[in-house]
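*Asks:* Next up is a structure, given as structure tokens.
Please treat every number below as a calculation from the coordinates, not as lab data. What you see is a predicted model, and the numbers here were worked out from it, not measured in a lab. Positions of Cβ are backbone-derived with ideal geometry, glycine not excepted, and every protein chain shown enters the neighbour counts.
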Amino acid sequence: MSTGSSSQFDMNHWLLRFLAFVIDSIIIGIVAYIIYYSVILSLLLGGGWWLLWGSYLVLPFLLGVLELLYFAVMEASYGATLGKKVFGLQVQMVNGSKVTFDKAFIRNVSKIFGLFLLLDWILGIVTSGPDQRQKYTDRIAGTTVVSVKQVFSSVATPPPPPPPPPAP
């Protein structure tokens, strides 16, 4: 397990984090669209069509709130979201301990709005910090994302040893 800080930019680490975020966003997006269209349909069927004038603002807000809650709860409870688990990543405090809900909430607050998240990632990548694996809000929360297993390893697992020969 890699827990030490790294002073070099690790493109593979950031790529895995991005791919994990895409997986998690697809999961949250499906849930958000189901909730959103259920509310829109109920408004239309209930005669509240006039309430739909600002509905285009509701979906991005709903996505942001669901992402913030999903990421904070999953990381505080399990140390990783489903996307991070797929790629062998884990969120932990910089001292290696488990992330608390308040720290997970702080590190994910930028997910409330896409532009904030983009700026969070850019600031984390281009500015120097104690650990180059941290986005900016990771530095504020005192958290980091580490690899807990080798993903897509090209080294094959050796086969088990053959059974002992039968006794005469």
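*Asks:* Compute the Cα gyration tensor for the stretch 60-168, then decide on rounded, prolate or oblate, letting a ≥ b ≥ c be the square roots of its eigenvalues: rounded whenever a/c is under 1.5, prolate when a/b is larger than b/c in the other cases, and oblate in all that remain. If you can, show how the numbers build up before the last one.
*Replies:* Values: a/c = 2.72, a/b = 2.31, b/c = 1.18.
Note, shape of the stretch 60-168 comes out prolate.
*Asks:* What FRET efficiency comes out for the pair L43/K98, r = Cβ-Cβ distance, R0 = 41 Å, nearest 0.05?
*Replies:* 0.45
*Asks:* Taking amide H atoms as placed 1.01 Å from N in the peptide plane, list the residues 5 or more away in sequence, or in a different chain, whose amide H sits under 5 Å from that of L89.
*Replies:* Counting only residues 5 or more places away or on other chains, the set is V148.
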